[in-house]
Amino acid sequence: MFGKKNHKKQIEFIELKKDIYACLTIESGIGWSNSGFINKKKSVLVDTMYDVQLANELKDFVNSKTSNLDYVINTHYNGDVMWGNQVFEDNIIIGHESILEDYKLENPIYFNKLKETAKNNPKELNRQELFLAQNLEPFDFSNIKIVLPNITFKKRMTMDLEDLKCEIIHVGPAHTRGDSLVWLPDEKILFAGDIVFNKYTPIFWVGRSVNNWIEKLDFIVNKLKPEIVVPGHGPICKIKEVLDLRDYLTYTLSETLTLYNNGMKDPLEICKNINIRDYLDWVQPERIYINVYSMIKELEKVKTPFDFKEISRGVDLMRAYFDEKYNR
Ligand SMILES: [Zn+2]
């Protein structure tokens, strides 16, 4: 099937300043991520999206602007920013060193199987798995070959694009261990990867640091002071939306701590007691369960891998709870 369909365009390319583009997926929800393209004397693609079809659309755009793509950067390990790498496997691909290990945390074969089961034997799946499978339906994971960065860095990398400076700054562990920003200091444009979600509920997984995430948002606001921010998910934004995310994280964290210290230990119970009315219109507010669950684990200094089934169950229960409470 794949490649034979006449796919409709799924990415919108917006020129932010001369020869610097945001590549925004038109749909929103799980897996619809953004990338960026800088076409100066040297050219850079920031992230390759979730599947070959999306990556090819990025490649077509790149090819329409330049005959030579110099660099690809991965801002972190998640599939939705690097499973398109195979389309660029002959290129220099740069990423934080932790990606070489952490990519194993996500598996396209599992997602593909989940989608197949949802189609053929939906009764075998629980409500949350069905929800995930439905959300993943637009993507094609049947032919994903994982291609990893071939140049890695630890803290910071400055790239000279001849007529523009481009910095890659490691700021994890926050959303993931390897989170990196792609920063254009002369133009004050930031490709934030998943350090910034805009109008999307962020995801904070066990084993990372929410306090560090908040600190790094402060670093963006106070030190980098970008004029334009391309978030990992959601529309292009500015400092205000970075502060909105900061508020969400600090609010959720402080509510969680208060409730936890008052004796409430169950993440589901805590979530139900946090009033997130201000954030209900962000994509998938029920992700609060993942955030609270991980905040508790951080508090308890538990670093072991999260229990995916337990988290999925919690997210599903929160969705049902919000549906009922807010008549969604
Ligand atoms: Zn991500």
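In this label model, Asp247 and Asp19 are separated by 3.9 nm, measuring between points 7 Å along each Cα→Cβ vector. For segment 99-116, 3J(HN,Hα) computed residue by residue from phi via the Karplus equation (6.51, -1.76, 1.60; θ = phi - 60°) reads 4, 4, 9, 6, 4, 5, 5, 10, 9, x, 5, 4, 5, 5, 5, 4, 5, 4 Hz, glycine and proline entered as x.
Between the Cα long axis of helix 52-65 and the first principal axis of the chain there is an angle of about 30°, rounded to the nearest 10.
List the relative contact order of the chain as a percent without decimals, with contacts defined as Cα pairs under 8 Å and 6+ residues apart. Answer for the chain is 14 percent. Rounded to 0.05, the FRET efficiency of the Lys119 and Gln10 pair, given R0 = 35 Å and the Cβ-Cβ distance, is 0.95. Using Cα atoms only, what is the angle between the long axis of helix 288-299 and the major principal axis of the chain, expressed in degrees (0 to 90) to the nearest 10? Taking Cα atoms only, the helix is inclined about 80 degrees. What the Cβ-Cβ distance of Glu227 and Ser142 gives, at R0 = 41 Å and to the nearest 0.05, is a FRET efficiency of 0.50. Close amide H partners of Leu16, meaning residues 5 or more places away or on another chain with modelled amide H under 5 Å apart, are Tyr21, Ala22.
For Lys238, a cut-off of 22 angstrom between C-alpha atoms picks up these lysines, skipping any fewer than 8 places away in its own chain: Lys17, Lys18, Lys165, Lys188, Lys199, Lys216, Lys223, Lys225.
When shorter helices are ignored and each DSSP H run of at least 4 residues is given -39500 (n - 2.57), the per-residue value for the chain at 222 nm works out to -10500 deg cm²/dmol. When all alpha carbon pairs of segment 172-328 are counted in 10 Å bins from zero, the resulting P(r) reads 11, 40, 34, 13, 2, 0 %. Label zone of Asn107 (point 7 Å out along Cα→Cβ, amide N under 18 Å): in segment 76-90 this covers 78-80, 83.
If Lys and Arg each add +1 and Asp and Glu each add -1, what is the summed charge of the other residues whose beta carbon sits under 12 Å from the beta carbon of Glu97?
Net charge around Glu97: +1.
The residues neighbouring Cys23, those whose beta-carbon lies less than 9 Å from its own, together hold a net charge of -3 under the Lys/Arg +1, Asp/Glu -1 convention. Measure nothing but the geometry: give the 0 to 90° angle between the long axis through the Cα atoms of 210-219 and the longest principal axis through the Cα atoms of the chain, rounded to 10°. Tilt of helix 210-219: around 40 degrees. In this structure, the amide hydrogen of Tyr77, modeled 1.01 Å from its nitrogen in the peptide plane, lies closer than 5 angstrom to those of Gly178, counting only residues at least 5 positions away or on a different chain.
Summed over all non-identical Cα pairs, the Kirkwood treatment of the chain gives a radius of 20.3 Å. When the alpha carbon coordinates of segment 179-251 are projected onto the principal axes, the ranges are 35, 21, 19 Å, largest first. The residues neighbouring Ser294, those whose beta-carbon lies less than 14 Å from its own, together hold a net charge of +2 under the Lys/Arg +1, Asp/Glu -1 convention. Here Leu280 and Glu89 are evaluated by their C-beta separation; at R0 = 25 Å the FRET efficiency comes out at 0.05. Loop only by DSSP, 16 or fewer other Cβ within 10 Å of the Cβ. Give me the chymotrypsin sites (Phe, Trp or Tyr not before Pro) in segment 2-97 that pass, ordered by residue number. Of the chymotrypsin sites (Phe, Trp or Tyr not before Pro), the ones in loops of segment 2-97 whose Cβ has at most 16 other Cβ atoms within 10 Å are Phe2.
Each value in this text was obtained by applying a stated rule to the coordinates, not by laboratory testing. For clarity, every value in this text was computed on a predicted model and none was experimentally measured. As a convention, Cβ positions derive from the backbone with ideal geometry for all residues, glycine included, and neighbour counts pool all protein chains shown.
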